[in-house]
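S.K.: Below: one structure in structure tokens.
The values are calculated or read from the model by the stated rules, or taken from the named source; none is laboratory data. These numbers come from a predicted model, not from an experiment. When we count neighbours, we look across all protein chains shown, and the Cβ atoms used for this are built from the backbone with ideal geometry, even at glycine. The area values use the complete protein model at the heavy-atom level, side chains included, leaving out ligands, DNA and RNA. Shrake-Rupley method; radii C 1.70, N 1.55, O 1.52, S 1.80 Å.
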Amino acid sequence: MKIHLFVLFAASSLHAEPPAVRSLQDTRAEAEEGDAAAQYDLALRNAKGDGVPENSEEALKWFLRAAEQGHADAQTKAGMCLLRGKGVTKDASAALRWLRKAAEQKNLAAIKQLGACYSLGSDVAKDTVEGVKWFRQAAEQGDIDSQMEVGLAYLDGEGVTQNAAEAMKWFTKAAEKGDLNAQKVLATSYAQGERVPQDLKTAMIWFHKAAEQGDPEAQLKLGVAYSLATGVPQDAKLSLRWLNKAVEQEYAPAMVEMGVNYMAGFSVPMDAAKAVEWFRKAADKGDPAAQMKLGSAFLTGTGVGKNAAEAVLWFRKAVDQNFGPALVALGGCYIMGDGVTQDLAEAVRLFQRAADIGDPSGQFALSLQYERGEGVAQNLTEALKWCRLAVAQGHEIAEAHQATLEASMTREQIHEGVRLAREWKAVAPAK
């Protein structure tokens, strides 16, 4: 999970605050007399064209006059004008100077902007430590966006020492204020248990809060959880209720899950034809998992007339999105000559693509081709490499087959296969 800045140029709007209720004539007169609040109001009028022609240069002039008197909002606006080149030649150095002056007065918009600039390296040398420092100041003022930024920084170790517990603390602060992104990050973190101890019950609490806000992804997660009793008691009615809420929002992955339910008889009566209907709805929206499942239905004649050519058509749509299971399925069609002319070399090419993106079924399929020398020159060390990589991802058939494969290899070949697998895993994240 990488930092993504929610607040880039959060302070950039020059129209955020309405001018004080006073006539233009009075505002101008008071501004000319040196009243900082009037100068700020006059600048806003010029920035938005309120009662006067819109004039960025004139707006900046009055922002600067108010800023020089210590008006924090004016200092922020002046900084943003200079940062964007609004009404004047862009001057990042001067912009940051004004933003810092405003930040010293605890101006939240200025603090967030400084955090964004340093974290992204926008108009200033990138400095994630400095970026987090500013975001923390905003977060401590209760700003939800900044609390998320600090949490993400701790989760990824960007600008601070990685500390998942500290990340969860900041996410929780934002989530408790109802921030949907924070709720989903918390739910996903606790569900996966990658950087924090897995806690399915806590994960479901946060998915529930996000689902109640209408988030279809969270609604789907909750529906699946009630179906499988993951962190919540098994409840077919609640499962269907949440799944329907996501489907009502035309959320394609929820349509796929509805199809799976009808295919297997989970929460609904088993009905393969209805399953195919749901797969088709999601497939027509471009969902690759749905396209894959629809292709499989045509290939086997499950819930629809058997049609290998139609199956290949849907597999190809998913393959165009580099969807691993579809690459494997289409490769299987080339091996068997289902809907296409048999072509073992093409099957290997497809299995290779799937294997390269980390699909365990693709890795095992490629392993078998190397072991048998079908569509590619026989190479037992390559076969073992891909078999072990599939096993590492929990592919049960690969695990059962590994001993058989190794029994046909020399010790040297086995050592080489192990080395190749280790090397591939070391560079895989960069792919």
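S.K.: Out of all the residues in the range 111-131, which are among the hydrophobic types (A, V, I, L, M, F, W, C), surrounded by 17 or more Cβ atoms within 10 Å (Cβ to Cβ) and either touching a Pro at 6+ places or on another chain (Cβ under 6 Å) or within 17 Å of Val150 (Cβ to Cβ) (or both)?
M.R.: First, pick out the residues of the range 111-131 that are among the hydrophobic types (A, V, I, L, M, F, W, C): 111, 114, 116-117, 120, 124-125, 129.
Cutting the leftovers down to surrounded by 17 or more Cβ atoms within 10 Å (Cβ to Cβ) gives us 111, 114, 116-117, 124.
Listed by number, the residues that qualify are Ile111, Leu114, Ala116, Cys117.
S.K.: Just one of Lys169, Lys177, Lys201, Lys173 is over 21 Å from Trp278 (Cα atoms), more than 17 Å from the chain's Cα centre (by Cα) and free of Cβ contacts under 8 Å to residues at least 24 places away in the same chain; which is it?
M.R.: Working: Lys177 fails: free of Cβ contacts under 8 Å to residues at least 24 places away in the same chain; Lys201 fails: free of Cβ contacts under 8 Å to residues at least 24 places away in the same chain; Lys173 fails: free of Cβ contacts under 8 Å to residues at least 24 places away in the same chain.
The unique qualifying residue is Lys169.
S.K.: Residues that are open to solvent by less than 40 Å² (accessible area, probe 1.4 Å) and in contact with a His (Cβ under 8 Å, 6 or more places away or on another chain): find the helices (runs of 4 or more DSSP H) completely inside the range 333-431 holding 1 or more of those.
M.R.: Passing ranges, in order: 360-372, 380-392.
S.K.: Turning to a different aspect of this structure: Please count how many residues of the range 356-366 are under 9 Å from Ala390 (Cα atoms) and either touching a helix residue (DSSP H, G or I) at 6+ places or on another chain (Cβ under 6 Å) or at pLDDT below 95 (or both). Lay out the reasoning, then the answer.
M.R.: Initially, the range 356-366 is screened for residues under 9 Å from Ala390 (Cα atoms), giving 358-364.
Restricting the remaining residues to those that are either touching a helix residue (DSSP H, G or I) at 6+ places or on another chain (Cβ under 6 Å) or at pLDDT below 95 (or both) gives 359-364.
Going through the range 356-366 one residue at a time, the tally reaches 6.
S.K.: Quick test of your reading of the structure: Leu155 fulfils all but one of (1) crowded, with 17+ Cβ neighbours inside 10 Å; (2) at pLDDT 95 or above. Name the failing condition by number.
M.R.: (2)
S.K.: A further question on this structure: Kindly indicate whether Val319 is over 24 Å from Val276 (Cβ atoms), among the β-branched types (Val, Ile, Thr) and surrounded by 16 or more Cβ atoms within 10 Å (Cβ to Cβ).
M.R.: Details: over 24 Å from Val276 (Cβ atoms): no; among the β-branched types (Val, Ile, Thr): yes; surrounded by 16 or more Cβ atoms within 10 Å (Cβ to Cβ): yes.
It is false that Val319 is over 24 Å from Val276 (Cβ atoms), among the β-branched types (Val, Ile, Thr) and surrounded by 16 or more Cβ atoms within 10 Å (Cβ to Cβ).
S.K.: Which of the residues spanning the range 382-415 are in contact with a Phe, Trp or Tyr (Cβ under 9 Å, 6 or more places away or on another chain) and free of Cβ contacts under 8 Å to residues at least 12 places away in the same chain? Walk me through how you get there before you give the answer.
M.R.: To start, the set of residues in the range 382-415 that are in contact with a Phe, Trp or Tyr (Cβ under 9 Å, 6 or more places away or on another chain) comprises 382-387, 389-391, 395, 397-398, 401.
Answer for the range 382-415, where residues must be in contact with a Phe, Trp or Tyr (Cβ under 9 Å, 6 or more places away or on another chain) and free of Cβ contacts under 8 Å to residues at least 12 places away in the same chain: just Val391.
S.K.: Additional query: Could you tell me whether any residue of the range 299-316 is within 27 Å of the chain's Cα centre (by Cα) and outside any helix (DSSP H, G or I)? Explain how you work it out, then say what you get.
M.R.: Residues of the range 299-316 that are within 27 Å of the chain's Cα centre (by Cα), as a first pass: 314-316.
Filter again for outside any helix (DSSP H, G or I), leaving none.
Scanning the range 299-316, I find no residue that is within 27 Å of the chain's Cα centre (by Cα) and outside any helix (DSSP H, G or I), so the answer is no.
S.K.: Then there is this: Looking only at the range 226-269, count every residue that is open to solvent by less than 30 Å² (accessible area, probe 1.4 Å) and β-branched (Val, Ile, Thr) and tell me the total.
M.R.: Here the count works out to 4.
S.K.: Report yes if Gln213 is without any contact (Cβ under 8 Å) to a residue 12 or more places away in the chain, polar (S, T, N, Q) and farther than 24 Å from Ile111 by Cα, otherwise no.
M.R.: On the way: without any contact (Cβ under 8 Å) to a residue 12 or more places away in the chain: no; polar (S, T, N, Q): yes; farther than 24 Å from Ile111 by Cα: yes.
No: the conditions fail for Gln213.
S.K.: Something else: So Glu396 passes all but one of these: (1) within 22 Å of Gly358 (Cβ to Cβ); (2) of a type outside the set (A, V, I, L, M); (3) touching a helix residue (DSSP H, G or I) at 6+ places or on another chain (Cβ under 8 Å). Which condition number does it fail?
M.R.: Looking at each condition in turn, Glu396 falls short on (3).
S.K.: Go through the residues of the range 196-211 one by one and say whether even a single one is farther than 28 Å from Val268 by Cβ, open to solvent by less than 40 Å² (accessible area, probe 1.4 Å) and outside any helix (DSSP H, G or I).
M.R.: Scanning the range 196-211, I find at least one residue that is farther than 28 Å from Val268 by Cβ, open to solvent by less than 40 Å² (accessible area, probe 1.4 Å) and outside any helix (DSSP H, G or I), so the answer is yes.
S.K.: Quick one: which of Val427, Val418, Val391 is at pLDDT below 95 and either of a type in the set (Ser, Thr, Tyr) or more than 23 Å from Leu313 (Cα to Cα) (or both)?
M.R.: Values: Val418 fails: at pLDDT below 95; Val391 fails: at pLDDT below 95.
Result: Val427 is the single residue among Val427, Val418, Val391 that is at pLDDT below 95 and either of a type in the set (Ser, Thr, Tyr) or more than 23 Å from Leu313 (Cα to Cα) (or both).
S.K.: Also, I was wondering about something else. Return the pair list, or none, for Cβ contacts closer than 8 Å from residues in the range 48-74 that are modelled with pLDDT of 95 or more to residues that are open to solvent by less than 30 Å² (accessible area, probe 1.4 Å) and of a type in the set (D, E, K, R), at least 6 apart or on different chains.
M.R.: Pairs found: Phe63/Lys77; Ala67/Lys77.
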